[in-house]
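Asks: Supplied in structure tokens, the structure appears directly below.
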Amino acid sequence: MTKLRFAALLLALCGLGGCGLAAAPCRVASAGLKIIPLVGHTAAATTDACATAIDP
């Protein structure tokens, strides 16, 4: 089972190569903010813009 997890992690990291890896913190923060009811999507606008600027 651990070999399968390692392979899945390796494939995920390959997909995040280059700019995608740099934009990952912005995307994670954006996803976390969007969980907040009513104001989440508005609050996440800045982190969405950050991620888009790094990785269009």
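Since every read-out is calculated from the coordinates, none of them should be taken as a lab result. Keep in mind that this is a model prediction, so the values were computed, not measured. FYI the Cβ positions are ideal-geometry reconstructions off the backbone, even for glycines, and counts take in every protein chain you see.
Asks: Under a point spin-label approximation (7 Å from Cα along Cα-to-Cβ), what is the Ala7-Lys34 distance to one decimal in nm?
Replies: 3.0 nm
Asks: Rounding to the nearest 10 and keeping the result within 0 to 90°, find how far the Cα-based axis of helix 2-15 lies from the longest principal axis of the chain.
Replies: Taking the Cα atoms of the chain, the angle to 2-15 is about 50 degrees.
Asks: Let me ask something else about it. Please give the helix 19-33 orientation as an angle from the longest Cα principal axis of the chain, in degrees from 0 to 90, rounded to the nearest 10.
Replies: 50 degrees
Asks: Okay, moving on. On a 0 to 90° scale, report how tilted helix 45-54 is relative to the longest principal axis of the chain, with both axes built from alpha carbons and the result rounded to the nearest 10.
Replies: With both axes taken from Cα atoms, the answer is about 50 degrees.
Asks: Give me Rg over Rh for the chain, both radii from the alpha carbons and Rh done the Kirkwood way, two decimal places.
Replies: Result: Rg/Rh = 1.13.
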